[in-house]
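Here is the structure we will look at, set down as structure tokens.
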Amino acid sequence: LSRSSIHAPGMEFFESETAERARLITLLTLDAATVLIVAVLCIRCRCFAKKWKGFLRGCKSQAMVLWKKVWELCMEDDDPIVQKKFVENLVQMQRTGIVLMAMALFLRLMAVQAPLLRTGTISHNLQPSLDVSNMISYPLCALIAIFPQVLASWNLDFWYIVMQTLCVFPLFLTQEEDVLNVSLITAFPRLLCGLGARTGILPILGNLVNCAAATYLSHEEGKLLAFTAELCMVFSGFISIRYMLHQNVVMTGRLKTRTIDLGAVSQLLLGFCDAVVEIDSSLKLTEDSRQLSTLLLHNQGMTSDGLAGRDFLSFFCTEDRGRIKESLLSGSSHTMALNARMMDCLGSNLQMEVVHCHFDNANGQRCCLVGMREFQDFGYS
């Protein structure tokens, strides 16, 4: 029996006329659902827009925003620090991906050489047109896996061109009817290579060349839609992952800068305050404060977390808690100062000057930085 005459269990059902009819009905249902969803979205947008002109202007605006993001990914970032960190992440990601590709190529070459050892001829169903490309790609991937320094930030584009060429080359060696299969097999390696390119325009051009070559070599107009769909999938994966990686670098940089700024402000406040604490939106201390513990004589009998999680208002006299709460919850962007009385663990009153300002932490929650110092010339009417 020939290999083509052997069917897996259940294949007869999927090749039957009933299965074909069910498949057609399913596809038509999905098409109708897609049209319905698009129509509902258009109607919703039309309801919020007074005129279709406004709706079209909104669509154009969104398209321009999307194009701007894609263009930013293709070009280098204006901030040299962000660009340097972004490229470092690309290098690390590419090195890791190439190690995985080397393992996959090794397993494929083992599968290819098995029939060669048994029969002395190359007879396998793993697309023989990929053999030459794989035999060249494997030592290159192994070289980078063993010596990661070979892949550096300055030669990312060079390695992308080499790997992309090795992905496109098999298209010219395969049979006409197998061009689509070979293109699909190389889709993931092309995506992985594109993620590591330093210049974002190169993966776009490289995959456009792959799509054009595959369309030309297949000589079938009906496969143009399949090649276009594959191109869109590669582009969407490349743009999405690269955009998220870039945003992660930007957010990490901003968080680091804000952390440094907050630390500097805290150190500055400690220069003329007896204690500095950070409280959350529920007016609870986010972390322990040795200065406040010492000031209020809370060093004895504290838990391992210290003052963390304690209600900040509980340290003030009952008469002053209302004013303190109103001031802390005002949400003002300016630094505010007021006088109040705090109680130590012995019940004694401390006349304090309280200075506070609001900021957003890494989780986007509204917090408050509070500085306190003992105020001697203090009185109440």
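The values are calculated or read from the model by the stated rules, or taken from the named source; none is laboratory data. This structure is a prediction, so every number in the text was calculated from the model and none was measured. Cβ atoms come from the backbone with ideal geometry, glycine included; neighbour counts cover every protein chain shown. Calculation scope for accessible area: heavy atoms of the full protein, side chains included, ligands and nucleic acids excluded. Shrake-Rupley method; radii C 1.70, N 1.55, O 1.52, S 1.80 Å.
Out of all the residues in region 164-180, is one or more within 25 Å of the chain's Cα centre (by Cα), among the polar types (S, T, N, Q) and assigned to a helix (DSSP H, G or I)?
Kept after step one, since they are within 25 Å of the chain's Cα centre (by Cα), are these residues of region 164-180: 164.
Those still in the list that are among the polar types (S, T, N, Q) too: 164.
After this cut, where a residue has to be assigned to a helix (DSSP H, G or I) as well, the list is 164.
Yes - at least one qualifying residue is present in region 164-180.
Residues of region 77-106 that are open to solvent by 20 Å² or more (accessible area, probe 1.4 Å), among the polar types (S, T, N, Q) and touching a residue at least 24 places away in the same chain (Cβ under 8 Å): Asn89 alone.
Scanning region 285-294 for residues that are open to solvent by 70 Å² or more (accessible area, probe 1.4 Å) and either under 32 Å from the mean Cα position of the chain (by Cα) or among the aromatic types (Phe, Trp, Tyr) (or both) returns a single hit, Glu287.
The set of residues from region 8-32 being open to solvent by less than 90 Å² (accessible area, probe 1.4 Å), at pLDDT below 60 and in a loop (DSSP other than H, G, I, E, B) comprises Ala8, Gly10.
Do you know which residues across region 295-336 are small (Gly, Ala, Ser), more than 38 Å from the chain's Cα centre (by Cα) and modelled with pLDDT of 75 or more?
Ser314, Gly322, Ser327
Could you look through region 231-269, keep only residues that are touching a residue at least 60 places away in the same chain (Cβ under 8 Å) and among the aliphatic types (A, V, I, L, M), and pick out the one that is farthest from Val370 (Cα to Cα)? Checking each candidate, the answer is Ile239.
The condition (being open to solvent by less than 50 Å² (accessible area, probe 1.4 Å) and under 23 Å from Arg198 (Cβ atoms)) is satisfied by just one residue among Leu130, Leu171, Leu140: Leu140. The number of residues in region 123-138 that are in a helix (DSSP H, G or I) and more than 19 Å from Met93 (Cα to Cα) comes to 9. Within region 305-340, being surrounded by fewer than 17 Cβ atoms within 10 Å (Cβ to Cβ) and in a strand (DSSP E or B) holds for Asp311, Met336, Ala337, Leu338, Asn339. Condition check: out of contact with any His (no Cβ under 8 Å at 6 or more places or on another chain) and open to solvent by 20 Å² or more (accessible area, probe 1.4 Å). Does Leu270 satisfy that? Spelling it out, Leu270 is indeed out of contact with any His (no Cβ under 8 Å at 6 or more places or on another chain) and open to solvent by 20 Å² or more (accessible area, probe 1.4 Å). When we screen Thr215, Thr199 for residues that are among the hydroxyl-bearing types (Ser, Thr, Tyr) and at pLDDT 90 or above, the only hit is Thr215. Pairs are defined by a Cβ separation below 8 Å, a sequence spacing of at least 6 or placement on different chains, a first member in region 354-372 that is in contact (Cβ under 8 Å) with a residue 24 or more places away in the chain and assigned to a strand (DSSP E or B), and a second member that is open to solvent by less than 10 Å² (accessible area, probe 1.4 Å) and of a type in the set (Phe, Trp, Tyr); the pairs so defined are Val370/Phe312.
State whether the residues of region 330-344 include one that is within 30 Å of Ile201 (Cβ to Cβ) and of a type outside the set (A, V, I, L, M, F, W, C). No, there is no match, as no residue in region 330-344 is within 30 Å of Ile201 (Cβ to Cβ) and of a type outside the set (A, V, I, L, M, F, W, C). On the given criteria, is Ile136 in contact with a Cys (Cβ under 7 Å, 6 or more places away or on another chain) and modelled with pLDDT of 85 or more? No: the conditions fail for Ile136. Quick check: anything in region 186-199 of a type in the set (D, E, K, R), open to solvent by less than 40 Å² (accessible area, probe 1.4 Å) and farther than 30 Å from Asp77 by Cβ? Scanning region 186-199 turns up no residue that is of a type in the set (D, E, K, R), open to solvent by less than 40 Å² (accessible area, probe 1.4 Å) and farther than 30 Å from Asp77 by Cβ. Give region 143-155 a look and list any residue that's within 26 Å of the chain's Cα centre (by Cα), surrounded by fewer than 16 Cβ atoms within 10 Å (Cβ to Cβ) and of a type outside the set (Ser, Thr, Tyr), or say none. Once the filter is applied, which keeps residues that are within 26 Å of the chain's Cα centre (by Cα), surrounded by fewer than 16 Cβ atoms within 10 Å (Cβ to Cβ) and of a type outside the set (Ser, Thr, Tyr), region 143-155 yields Gln149, Ala152, Trp154, Asn155.
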